[in-house]
Amino acid sequence: MIKLSLFWHMHQPDYRNISGVMVMPWVFLHSIKDYYDMPYLLSNFPSLKATFNLTPTLIEQLLLYEKCGYKCDLFLSLWRKDPSKLSNYERTWVMKICNSPQFETMVKPFFRYAELYGKESLDDSEFIELEVLFMLSWCGNYLRQHNETVKQLINKGKDFSLEDKDELLDVLMSFIPTILPFYKLLQESGQISLSTTPYYHPILPLLLEKKLLLSDAKEQVKRAIELYREVFGKSPIGIWPAEGAVDEKSVALYKSYGIRWIATDEEILFKSLGKKSGNELYKCHHFNDLFIAFRDRTLSDLIAFSYRYWSAKDAVDNFILHLRQIEKKEKDPKVSVILDGENSWEFYKKSGYDFLSELYRQLDEADDCQTVTMDELAKERLVKRLKRLHSGSWIDGNFDTWVAHPQKSRAWELIYKTKEDYRCHIKRVSSRVRSEITNHFLISESSDWFWWYGNEHHNEYAKEFDQLFRNHLIEIYKLMDVTPPSELFFPITELK
């Protein structure tokens with residue numbers, strides 16, 4: 001019997017600027033599509049189980065939408081306006097985002113959207129159409145199936161009004177507060193387990209390497225557990241380390257906070273053992289009495305990157321075939337499939353509805369496969385104890401993605417320099433200001449900034465990410481009443 005653990009990682013960076021306004025709308029957009037759809041599709045098969053990881057930065061921004069509505073989001077605030085009231089810069093910014101969805105899967109299904117997509121100039125009525133169609137393209141399967149306003153606007157197809165815009169945004173804003181309670185409900189029913197991540201999604205082993213950042217590493221874990229407890233009414237059992245980044249020191253830190261399991265990539269297991277062995281991958285492992293799940297990279301990456309090009313039936317048949325090939329070779333294998341639970345579905349038809357529905361249907365009917373949560377998997381009694389744990393992440397079992405480029409190095413240098421300057425002025429800073437400064441440091445340590453620096457991952461919003469990062473360090477100097485170094489005003493993205 002295969003025990004399959006499906007693990008969906010839900011994360012967005014902290015998009016808030018110094019004023020607390022989100023300068024990019026991706027938390028909102030994934031909320032009306034993936035963050036509800038993913039647990040909803042699973043809930044249609046009550047006998048199946050899965051694990052969802054909700055990062056603190058995602059939770060915090062969801063709560064901000066609940067509290068402040070669209071006014072906490074720059075894009076939504078502009079989107080709601082009459083286009084005739086927008087400046088040229090604002091109009092360009094809104095159009096840039098409205099022209100950002102994947103064409104084949106999100107734009108093409110709306111004939112009028114395909115006509116307007118990418119046009120350099122639109123009159124006000126066309127602009128309103130573009131805005132509404134963009135928002136409809138992000139509405140998930142649950143909203144398309146159950147929300148009357150969304151269904152009516154999709155059927156209307158074109159010639160939308162300002163009133164249509166207002167009604168749509170009001171409906172979507174009222175939908176946001178239903179998301180976190182739904183996860184809590186499914187957790188309480190036992191169908192899912194929930195985990196979290198150190199608060200601002202840092203590469204924790206890199207912080208633990210530096211004495212200057214050691215206290216920040218501890219604070220990232222402590223705050224994550226506190227927020228989880230506040231939202232879900234109990235402490236988390238498991239943690240997904242940001243980017244699957246682990247080392248022996250971080251395991252000890254997690255354990256000291258009562259965490260019982262973590263997860264990372266198979267490459268960490270193979271390098272810890274000193275050999276590549278599929279046989280070992282499907283067993284349960286502990287290090288320092290902490291359960292560690294190692295992701296099956298082949299199966300995880302097939303869902304994340306490959307099956308989008310297949311028909312849903314062929315893709316799921318192939319996935320099940322892989323599972324049965326594992327079962328033929330291994331006795332009672334434990335298989336962990338771990339991947340991003342949001343971004344992949346932009347590349348699937350119908351946001352992955354056909355694929356996920358077929359996957360869950362076949363798993364539900366399979367007599368030789370049992371789905372389990374990570375909480376349940378961590379209770380397995382037959383475990384192997386690792387003598388050492390390799391330091392690395394889910395990408396190639398190392399940390400190069402976050403350190404191996406001049407832009408990435410510059411970002412770390414600026415954090416260290418700011419931290420050193422802060423230590424020189426800390427005695428004259430009030431406790432209230434110290435708390436604000438600590439928060440800016442924690443945000444600056446997010447893995448997301450370093451992901452986009454360098455030339456590995458193209459992003460149309462790299463300059464905006466860069467500005468957000470540097471502004472947090474600039475604000476620290478302002479809070480200390482110290483002139484920020486000039487190097488903080490030089491875009492890191494311009495370094496070669």
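The values are calculated or read from the model by the stated rules, or taken from the named source; none is laboratory data. Keep in mind that this is a model prediction, so the values were computed, not measured. When we count neighbours, we look across all protein chains shown, and the Cβ atoms used for this are built from the backbone with ideal geometry, even at glycine.
So which of Ile320, Ile326, Ile259 ends up being in contact (Cβ under 8 Å) with a residue 60 or more places away in the chain and more than 14 Å from Leu389 (Cα to Cα)?
Result of the check over Ile320, Ile326, Ile259: Ile326.
Of these, Lys427, Lys419, which one is assigned to a helix (DSSP H, G or I), of a type in the set (Lys, Arg) and under 24 Å from Pro241 (Cα atoms)?
Only one candidate passes the filter, namely Lys419.
Consider segment 78-89. How many of its residues are in a helix (DSSP H, G or I) and either outside the structural domain of Ile176 (by TED's automatic domain parsing) or surrounded by 16 or more Cβ atoms within 10 Å (Cβ to Cβ) (or both)?
Total meeting the criteria: 4.
Within segment 1-44, how many residues turn out to be more than 16 Å from the chain's Cα centre (by Cα), within 20 Å of Arg144 (Cβ to Cβ) and not aromatic (Phe, Trp, Tyr)?
4
With the condition kept exactly as written, say whether any residue in segment 53-71 is modelled with pLDDT of 95 or more, surrounded by fewer than 20 Cβ atoms within 10 Å (Cβ to Cβ), in a loop (DSSP other than H, G, I, E, B) and not β-branched (Val, Ile, Thr).
Looking through segment 53-71, none of the residues is modelled with pLDDT of 95 or more, surrounded by fewer than 20 Cβ atoms within 10 Å (Cβ to Cβ), in a loop (DSSP other than H, G, I, E, B) and not β-branched (Val, Ile, Thr).
Could you list, in sequence order, the residues of segment 357-388 that are part of a loop (DSSP other than H, G, I, E, B) and of a type in the set (D, E, K, R)?
Result: Asp367, Asp368, Lys379, Glu380, Arg381, Lys387, Arg388.
Please name all residue pairs, on different chains or six or more residues apart, with Cβ atoms under 6 Å, provided the first residue is in segment 175-193 and is basic (Lys, Arg) and the second residue is in a helix (DSSP H, G or I).
Taking only residues 6 or more apart or on different chains, the pairs are Lys184/Phe232.
If I filter segment 161-220 down to residues being closer than 23 Å to Asn439 by Cβ and in a loop (DSSP other than H, G, I, E, B), which single residue comes out as farthest from the chain's Cα centre (by Cα)?
Once the filter is applied, the top-ranked residue is Lys210.
Would you confirm whether any residue within segment 127-150 is in the same structural domain as Gln61 (by TED's automatic domain parsing), at positive phi and more than 27 Å from the chain's Cα centre (by Cα)?
For segment 127-150, residues in the same structural domain as Gln61 (by TED's automatic domain parsing), at positive phi and more than 27 Å from the chain's Cα centre (by Cα): absent.
Would you check if there is a residue in segment 341-352 being modelled with pLDDT of 95 or more and out of contact with any helix residue (DSSP H, G or I) (no Cβ under 9 Å at 6 or more places or on another chain)?
No, because not a single residue in segment 341-352 is modelled with pLDDT of 95 or more and out of contact with any helix residue (DSSP H, G or I) (no Cβ under 9 Å at 6 or more places or on another chain).
Among the residues of segment 222-248, which ones are part of a helix (DSSP H, G or I) and of a type in the set (Val, Ile, Thr)?
Within segment 222-248, Ile225, Val231 qualify.
Looking at (1) in a helix (DSSP H, G or I); (2) loosely packed, with under 14 Cβ neighbours inside 10 Å, can you tell me which one Glu456 breaks?
Of the numbered conditions (1) in a helix (DSSP H, G or I); (2) loosely packed, with under 14 Cβ neighbours inside 10 Å, the odd one out for Glu456 is (1).
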